[in-house]
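To keep things clear, I will list the structure first and then write my remarks on it.
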Amino acid sequence: MSYYIINGGHRLEGAVSVGGAKNAALAIIPAAILCGEPCVIENLPYIDDVRVMTELLSQIGAKTEFSSNGVLCIDPSGINNVCVTFDMVNSLRASYYLLGALLGRYGHAEVSFPGGCPIGQRPIDQHIKGFKALGAEVEIENGIVKAKADKLVGSEIYLDIASVGATINIMLAAARADGITIINNAAKEPYIVDVANFLNMMGASVKGAGTDIIRINGRKQLHGCNYAIIPDQMEAGTFMIAAAATGGDVIINNVIPAHLDAISAKLMETGATVREGNDGRDFYVRVSSSRRLRSVNIKTLPYPGFPTDLQQPMMALLSTAEGTSLVMETMFEERFNHVNGLNRMGANISVSSRTALVQGVKRLMGAQLQVTDLRAGAALVIAAMMADGKSKVENIHYIDRGYEHFEHKLCGLGADIVRLG
């Protein structure tokens, strides 16, 4: 198994470019099934999760060609299988988007309960509620979700929680349903807007994405298109935190600054400097810090609140901030798996239920660390770069799932990271 050796104490300086959004990509790739014609998707991150999703489409009969420059060509016309087994999806949570896409295109889908990072329960009851409202019969048998409908018909749906996954899955199924579907209490994340834009490029009619009410006017036919994925909000946020945590000065290129407002505000609250700009081609943010940062309180919330995906990297920064920080995790009950690793490095963090009390220490020390999930991996890498001495970070396959060329980008900023194994 591959691992990192990280020599800490190097401030990050320079510029780095952000890749395409993982969470948008994992919904847009299966969405291409809906048109039945070739699509070209650009600016995809070259990460394990995207490669797995691409392979899933190949296994059910689609033709795919994914190049290392982030361009994926999909021809879904040859799909001949609507059954996706556990062996095919056991490492990928977002495989549930195949339910909405296959149901919308073929009126039938059978997809095993998905895998993914162990960060807590992520039920799909709201997905099923939406499919049923559209007229599908849904049952769960031996860990497989089976959805079938002779005809999908538009309906008004109220989500009990503003679920990103359920909002997208219902959008996919409703895009080719008969009539109008209205999703109330829809999630508002940038990924949802990106998926809606992709559907509209294929000829769908999706309005209101980015608000809590989305209206989909079903179309009988969709067509292929070319589309470029938005920049990854979470990758950008990770580099912003890493810059501040190491006392660095980093320009993060290819971002949408409005998507980063919550993290920018918290970093400025700690005492870091955050500036936004445009170099004539792309937007960027520049993050710098030259002194010990201050403690802040964080509560994770759906967009536009502070994202749960950046809670773990932010806690690494707060571990050496002056004062005491309170971190409240409202999204996933097991998203404090990184705390043991931080404490092994000398941090002073105590956890009670979904709240962590972080009492800032003056410095962290290098240690042997085990990554437990994607964003915990980012947190431990940031902590290792902050620390005095050498750290060994194991189980980095979790990091490969969501960060493109992570160690290469960090080394380009001055980090001392070697990948071995």
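The values are calculated or read from the model by the stated rules, or taken from the named source; none is laboratory data. If you're wondering where the values come from, they're calculated on a predicted model, not measured in any experiment. Every residue, glycine among them, receives a Cβ derived from its backbone with ideal geometry; neighbour counts consider all protein chains shown. Protein only, heavy atoms only, side chains kept; ligands, DNA and RNA dropped before computing areas. Shrake-Rupley method; radii C 1.70, N 1.55, O 1.52, S 1.80 Å.
Each peptide in 270-283, 50-63 was scored by the mean count of other Cβ atoms within 10 Å over its residues; highest first, the order is 50-63, 270-283.
Ranked by the mean number of other Cβ atoms within 10 Å of their residues, highest first, the peptides 366-373, 326-333, 379-386 fall in the order 379-386, 366-373, 326-333. Note on the chain: GNM, Cα springs under 10 Å; of Ala204, Ala262, Ala24, the largest mean-square fluctuation is that of Ala262. Tell me whether segment 339-389 comes out rounded, prolate or oblate; compute the Cα gyration tensor, take square roots of the eigenvalues as a ≥ b ≥ c, and use a/c under 1.5 as the rounded threshold. Verdict is oblate for segment 339-389.
Any idea of the accessible area per residue across the chain, 1.4 Å probe, to the nearest Å²?
On the way: 15970 Å² over 421 residues.
Spelled out: the 1.4 Å probe surface of the chain, per residue, equals 38 Å².
Restricting things to Cα coordinates, could you compute the convex hull volume per residue of segment 185-241 in Å³? Mind showing how you got there, number by number?
Numbers: hull volume 4.1 nm³, N = 57.
Hull volume over Cα atoms, normalised by residue count, gives 72 Å³.
Start at zero, step by 5 Å, and the Cα-Cα distances of segment 246-299 spread as 4, 20, 29, 22, 16, 7, 2, 0 percent across the bins. Bridges between two residues of segment 191-334, per DSSP, are antiparallel at a rate of about 75%.
Annotation: aspartates and glutamates with alpha-carbon distance below 18 angstrom to Lys132 (same-chain offsets under eight excluded): Glu110, Glu141, Asp150, Glu156, Asp160, Asp178. Segment Val418..His223, full-extension length gain: 65.7 nm, with 0.36 nm per residue of separation and the alpha-carbon distance subtracted. Set the Cα radius of gyration of segment 130-191 against 2.2 N^0.38 Å, with N its number of residues, and you get 1.12. Taking 14 Å as the cut-off, the amide N atoms of segment 194-228 that come nearer than this to a point 7 Å along the Cα-to-beta-carbon line of Glu42 belong to 225-228. Assign one of three labels to segment 18-97, namely rounded, prolate or oblate, based on the Cα gyration tensor with a ≥ b ≥ c the square roots of its eigenvalues; rounded applies when a/c is under 1.5, prolate when it is not and a/b is larger than b/c, and oblate otherwise. Cα axes put segment 18-97 in the oblate bin. Residue separation of His108 and Asp178 scaled by 0.36 nm, minus their Cα-Cα distance, works out to 23.6 nm of gained length. When the solvent-accessible area of the chain is split by element, carbon and sulfur atoms take up 47 percent of it, the probe being 1.4 Å.
Considering only Cα-Cα distances, which of the following residue pairs are longer than 19 Å: Lys146/Lys220; Lys151/Lys220; Lys22/Lys188; Lys362/Lys390? Violating the 19 Å limit, Cα to Cα: Lys146/Lys220.
Taking 16 Å as the cut-off, the amide N atoms of segment 350-369 that come nearer than this to a point 7 Å along the Cα-to-beta-carbon line of Ile5 belong to 366-369. Rounded to 0.05, the FRET efficiency of the Glu269 and Lys148 pair, given R0 = 41 Å and the Cβ-Cβ distance, is 0.20.
Take each of the peptides 244-253, 307-316, average the number of other beta-carbon atoms within 10 Å over its residues, and list them starting from the highest. Spell out each step's value before the answer.
On the way: 244-253: 23.1, 307-316: 25.9.
Ranked from most to least packed, the peptides come out as 307-316, 244-253.
If you sort the three axes of the alpha carbon gyration tensor as a ≥ b ≥ c, you get a/c under 1.5 for segment 271-421, which makes it rounded. Taking only the alpha carbons of the chain, we obtain Rg and Dmax values of 21.4, 64 Å in that order.
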